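The values are calculated or read from the model by the stated rules, or taken from the named source; none is laboratory data. Treat the numbers as computed from the prediction; the structure is a model and nothing was measured. Neighbour counts are summed over all protein chains in view; Cβ atoms, including those assigned to glycine, are modelled from backbone coordinates with ideal geometry. Quick note on the areas: whole protein, heavy atoms, side chains included, nothing else; ligands and nucleic acids left out. Shrake-Rupley method; radii C 1.70, N 1.55, O 1.52, S 1.80 Å.
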Amino acid sequence: MDERRQFSRILFNTKASLTQGRNIWTTKIHDLSLNGALVEEPADFTIGNGALFLSFSLPDSDIELTMEADLAYKKQGQLGLSCIHIDVDSISHLRRMLELNLGDSALLNRELEHFIDVHDRQS
């Protein structure tokens, strides 16, 4: 694993949308962590001013998760998104999904504590 990564990632192949102001792009998520996502770069994507939101539904469910994100990097047709803010319901569902896929709730609890600590310091 890349030593710069502080959060476990899971492969997660699903359709999603990126929204910034009036712009809405369709994309596909490649992987997820508590702190962000790796998504396919939409063909007409251009970052502008204002908040960027990633939204997606859990498979076979009507549960939708949304996070406000920063564009961390853009390369080889992919966008690395870093989570700035996520509501309590979304992070609860994301945490459960990661826990089921990672199979290590202790590791996930440490990552969640780290996520909260990092985001508290940024506030």
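A Cβ distance below 6 Å, combined with a sequence gap of six or more or placement on separate chains, defines the contacts here; from segment 39-50, residues that are closer than 11 Å to L18 by Cβ and part of a loop (DSSP other than H, G, I, E, B) reach residues that are modelled with pLDDT of 95 or more and hydroxyl-bearing (S, T, Y) in the pairs P42/T27. Restricting E40, E64 to those that are crowded, with 17+ Cβ neighbours inside 10 Å, closer than 19 Å to I10 by Cα and not hydrophobic (A, V, I, L, M, F, W, C) reduces the list to E40. Here is a list of conditions, (1) modelled with pLDDT under 85; (2) part of a strand (DSSP E or B); (3) not β-branched (V, I, T), and H85 meets all of them except one; can you say which number that is? Against the list (1) modelled with pLDDT under 85; (2) part of a strand (DSSP E or B); (3) not β-branched (V, I, T), H85 comes up short only on (1). Can you say whether D60 is assigned to a loop (DSSP other than H, G, I, E, B) and either in contact with a Cys (Cβ under 6 Å, 6 or more places away or on another chain) or modelled with pLDDT of 90 or more (or both), as far as the supplied structure shows? Considered against the rule, which asks whether it is assigned to a loop (DSSP other than H, G, I, E, B) and either in contact with a Cys (Cβ under 6 Å, 6 or more places away or on another chain) or modelled with pLDDT of 90 or more (or both), D60 comes out as no. Annotation note: Cβ proximity below 7 Å between a residue of segment 83-95 that is under 14 Å from L58 (Cβ atoms) and in contact (Cβ under 8 Å) with a residue 40 or more places away in the chain and a residue that is in a helix (DSSP H, G or I) and open to solvent by 30 Å² or more (accessible area, probe 1.4 Å) (sequence gap 6+ or interchain) occurs for R95/L112.
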